[in-house]
Amino acid sequence: MSVELFDLAAELLESRSSLDRLEARGTLRIALKSAGLEPKSIVLAQLRVVFEKLMPVELEKLGVKEAAATSKSLWEEIERSASANSLNSAATLDETFRRLGGD
């Protein structure tokens, strides 16, 4: 299921930015790795934190205009699509922040 979530996020990132497929997938992998997360095990709550905190920085590094706004709109679309496709799995915010904090 989480691989599907990664694929959804990468596809939307590619289609809504100037990034090609490899750049979009690589950028998402870098952001996930920075958060200590693996594409195969991410859940929606974790991905939200990545798109709120890390993705704007990664997109800015790549020269994407209005990186923060782009990241926010991408997250909103990912959330809608994931919910519509039943890709949402339960994970507490405590788990997400624990992983991001390295505890």
Area accessible to solvent at S18, 1.4 Å probe radius, in Å²: 100
Hydrodynamic radius by Kirkwood, which averages 1/r over all alpha carbon pairs of region 1-81, in angstrom: 12.1
Note, ³J(HN,Hα) from phi for region 64-77, Karplus 6.51, -1.76, 1.60, rounded to Hz, x at Gly and Pro: 6, 5, 6, 4, 5, 5, 4, 4, 5, 5, 4, 4, 4, 5
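The values are calculated or read from the model by the stated rules, or taken from the named source; none is laboratory data. Because the structure is predicted, anything quoted here is derived from the model rather than measured. Accessible surface is based on the protein model in full, side chains and every heavy atom, while ligands, DNA and RNA are left aside. Shrake-Rupley method; radii C 1.70, N 1.55, O 1.52, S 1.80 Å.
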